[in-house]
């Protein structure tokens, strides 16, 4: 019985997600060791694994409760770790790193508060939030690619910095609004 439950929990999509989580310290180490090409390739593999686990889960009806929590958690761990590390290496401006990390802390904090207060609130990622995640991933990939391949994409990086900042603020405000509306309806 336990073995069958473990197989259900550790299905292929969830295993791919766990592998993505294991890739995070490797990418961080590669960035800190100034192995930017290897960090870029590993980051691309992590991104591909994110698409792959979702595709497999939906295509083969392997969506699990664990996977619905694990996948966004893996995304948060990956992005926050990469942004903080790129900030430490001064490859991203500290204000942007603080903005991105603060938004994620705000979201996780609201979820924890909801759980602790036993509120019945459902936070659904909006299209804006998905756009923000796409922009954050794109910026990280462009920075890592620029450093690893020496492409000279400084103008593209600057453009994406402001796109990421705008979508981060807007999606953070949207989450706050969604959370507070649902809580006010329950009061």
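The values are calculated or read from the model by the stated rules, or taken from the named source; none is laboratory data. Quick caveat: nothing in here was measured; it's all calculated off a predicted structure. Virtual Cβ from ideal backbone geometry, glycine too; neighbours counted across all protein chains shown.
Annotation note: of 22, 41, the sole residue that is exposed (fewer than 13 other Cβ atoms within 10 Å of the Cβ), over 18 Å from residue 57 (Cα atoms) and modelled with pLDDT of 95 or more is 22. Evaluating residue 60 against the criteria (1) surrounded by fewer than 19 Cβ atoms within 10 Å (Cβ to Cβ); (2) under 23 Å from residue 104 (Cα atoms) leaves one unmet condition, (2). Right, residue 173: closer than 16 Å to residue 129 by Cα, at pLDDT 90 or above, surrounded by 12 or more Cβ atoms within 10 Å (Cβ to Cβ) and out of contact with any helix residue (DSSP H, G or I) (no Cβ under 6 Å at 6 or more places or on another chain) or not? Considered against the rule, which asks whether it is closer than 16 Å to residue 129 by Cα, at pLDDT 90 or above, surrounded by 12 or more Cβ atoms within 10 Å (Cβ to Cβ) and out of contact with any helix residue (DSSP H, G or I) (no Cβ under 6 Å at 6 or more places or on another chain), residue 173 comes out as yes.
Identify all residues within the range 105-120 that are touching a residue at least 12 places away in the same chain (Cβ under 8 Å) and surrounded by fewer than 18 Cβ atoms within 10 Å (Cβ to Cβ); write none if there are none.
In the first step, residues of the range 105-120 are kept if they are touching a residue at least 12 places away in the same chain (Cβ under 8 Å); the result is 106-108, 110-111, 114, 119-120.
Correct list: 106, 108, 111, 114, 119, 120.
For residue 184, which of the numbered conditions (1) closer than 25 Å to residue 29 by Cβ; (2) in a helix (DSSP H, G or I) fails to hold? For residue 184, the failing item is (1).
Just one of the listed residues (49, 102) is crowded, with 16+ Cβ neighbours inside 10 Å, at pLDDT 90 or above and closer than 26 Å to residue 171 by Cα, and it is 49.
Just one of the numbered conditions (1) at pLDDT below 95; (2) part of a helix (DSSP H, G or I); (3) buried (at least 16 other Cβ atoms within 10 Å of the Cβ) is not true of residue 134: (3).
Among the residues of the range 137-159, count how many are without any contact (Cβ under 8 Å) to a residue 60 or more places away in the chain, part of a helix (DSSP H, G or I) and surrounded by 13 or more Cβ atoms within 10 Å (Cβ to Cβ).
Step one: list which residues in the range 137-159 are without any contact (Cβ under 8 Å) to a residue 60 or more places away in the chain, which gives 138-139, 142-143, 146, 150-159.
The next check asks that each one be part of a helix (DSSP H, G or I); those that pass are 138-139, 142-143, 146, 154-159.
Then keep just the ones that are surrounded by 13 or more Cβ atoms within 10 Å (Cβ to Cβ); that gives 138-139, 142-143, 146, 156-157, 159.
So the answer is 8.
With respect to the stated conditions, residue 34 fails to be surrounded by fewer than 16 Cβ atoms within 10 Å (Cβ to Cβ), more than 13 Å from the chain's Cα centre (by Cα) and farther than 29 Å from residue 156 by Cα. Looking only at residues of the range 160-187 that are without any contact (Cβ under 8 Å) to a residue 40 or more places away in the chain and within 20 Å of the chain's Cα centre (by Cα), we find that the one that is farthest from residue 99 (Cα to Cα) is 160.
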